[in-house]
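Visitor: Can you read through this structure? Questions will come right after.
Every number here is computed from the coordinates shown, using simple stated rules; none is lab data. Note that the structure is a prediction, hence the values are computed from the model and not measured. FYI the Cβ positions are ideal-geometry reconstructions off the backbone, even for glycines, and counts take in every protein chain you see.
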Amino acid sequence: MQIPWPPPGSSRDRHRAGFMTAPGQFPLALDSGEKILKRCVLKVMRAVLGPDSGHGGRVNGSATVRVAAATTFADRHDGYLQTSDQRVVAVALVASSGGPVSGQDKVAVITGGTAGIGRATVREFAHAGYDVAVLARGRAGLEAARVEVEQAGRRALVVPTDVADADAVDAATDRVEAELGPISVWVNVAFAGSLAWFWDTSAAEYQRMTEVTYYGQVNGTRAALRVMRARNRGAIVNVSSAMAYRSIPLQSAYCGAKHATKGFTESVLTELRASGSRVTIGLVTLPGVNTTQFGWNLNKMSGHPRPVPPIVQPEVCARSIRFAAEHPRRNMWVGISTVYTVLGNRVAPLVVDWYLAKTAVKSQQTDRELPRWGSNVFDPQDDEVDRGVRGFFSQGAVSHDPVSFVARHRRTTLGLVGVATLTAAKAVASRSRR
C-alpha cells in the first residue's frame, strides 16, 4: 500500500503527525512538542495493535518515525510511505519550527572552531544541546574547545584537519558519523586572511588563503552533503562577510574568496531545491568582528591589523549562525555596517570606491602596541597556546545587534510595526475629525 507523503496540508513550520488507518484515513495535526507527540504515537499503536506493540526508530523532528509491530512496518520510498499492514500505515514528523535539525540527538560540525567566531559557535551549539565536532589545525585550541563542550554536558570530538585538504575533510566526516552519530548541522567558518597590498602578496600566499577560505567551504559543503542527502535532512551554514558584496583594499584574497563563497552557495541552494532535497544551505553575512584573527593574520603593513568599526563580538555572530541552522535562511545579515555596506554599494558603487580608497587603508590599522603571534596562513598559531574567542578590541565592540535581532524575531517585529502603524493611523484619523 502506498500513500503520498507528506500529506496534503502539512507544514514545515509546525509539528505534523498523520495517523492513517484503513479503510479510512484520519489525519491528526499536533502542535505540541516531541515528548507529547511520542506519547500519542505509543497510545495509538497500543490501541490499534495491542499493548505489546513496540516501535523502531527515533522521534527526532525531521526524520520519518518508523512504526513496527509483528508484520507492521512503515518506511519511506521516493516520496511515499509503504506498509505491509493496513491497520497502521504511518506515523511521521515533518520539520518543526526548529527546522531540519530539531530533536534530541543533534550533532554539529564546526570548521575553524578553535578561535574567534568558530570557537564562539562551538560554545553556542554545545550550550544549545548539540554534540560538537571541531575541525581545525591548532592542537591547543582543539583541546580547549573539547573541554568547553564537555563542560556544557555534551560529547566532543576534535579532529586535526586542514580544510583545504578535501580527503582530510572527508575522513573527518566519516569519523564524526562513526563516533558522534549522524551530522545535523555543518558550519563552515575556517579562513586565512591578510592585510597587504595585492602586489606585495606572493602567489603561494594568495593561493593558500584562497584554498582555506574558499575551497575550505567547498570541501566542507561537499562532505556534509554526502551524508545529509542520503538521509534527506540537515543544515549547512556558510559564514560569509559584507565583503562578499563590497571588496575593500588590503584584503583582495579574502574578498575574492567570500565573493566566490556567496556564488557557490547560491548555486548549491538552487540545486538542492531543484532535486527536491530537504537539506538546507544558507549564508550568514558578517560585519567587522572582534576576533583573534587580528593577532595572526598575514600582515605586511606598518600598523597592527584591526576590524573596521562598528564592531560586534563573536558571540553575536554565533547566535545568528545557530539560528540560521535551525530556522533556515537564504542569507542572514548581522550588523548595521553590513546593511549600509551592501545597500550603499548597490546605490552608489563609485562613491563607495572613492570613500574606501580614502579611508579603508587607515581604518584597518592601529598604532597600538598589540601582540603579534605570526601568520597562520601556513601554520596554526594556536598549536601551543589557546587563543580563545575575543580579540584585542572589546572596547567599543557590541554584544547585541538590532539587525540580527530583527532577523531572528521577524514576526514579533512585524507585529510591533503593525501595531505602531495602526496606532499612528488612528491618531491621524482622530486629529482629522477635530
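Visitor: I'd like the distance separating the alpha-carbon centroids of the stretch 165-185 and the stretch 275-320, in whole Å.
Guide: After rounding, the separation between the Cα centres reads 24 Å.
Visitor: Under 20 Å from a label point 7 Å along Cα→Cβ of VAL406: give me every residue in the stretch 270-284 with its amide N that close.
Guide: 283-284, by backbone N distance to the label point.
Visitor: Give the value in nm², to one decimal: projected area of the alpha carbon convex hull of the stretch 107-413, averaged over all directions. Mind dumping the intermediate values first?
Guide: On the way: hull surface 62.1 nm².
Quarter of the Cα hull surface area: 15.5 nm².
Visitor: Something else: Alpha carbons only, please: Rg and Dmax for the stretch 154-229, in angstrom.
Guide: Rg then Dmax for the stretch 154-229, in Å: 14.6, 47.
Visitor: Quick one: grab the alpha carbon gyration tensor of the stretch 242-282, order the square roots of its eigenvalues as a ≥ b ≥ c, and give me rounded if a/c is under 1.5, else prolate or oblate depending on whether a/b is larger than b/c. Before the final figure, lay out the partial values.
Guide: Details: a/c = 4.37, a/b = 3.95, b/c = 1.11.
Prolate is the answer for the stretch 242-282, as a/c is 1.5 or above and a/b outweighs b/c.
Visitor: Report, by chain and number, residues whose modeled amide H sits under 5 Å from the one on LEU157, excluding near sequence neighbours (fewer than 5 apart, same chain).
Guide: HN-HN under 5 Å from LEU157: VAL132, ALA133, VAL134.
Visitor: When Rg is the radius of gyration of the Cα atoms in the stretch 326-409 and Rh is its Kirkwood radius, what does Rg/Rh come to? Working shown, then result.
Guide: Values: Rg = 17.4 Å, Rh = 16.7 Å.
Expressed as Rg/Rh, it is 1.04.
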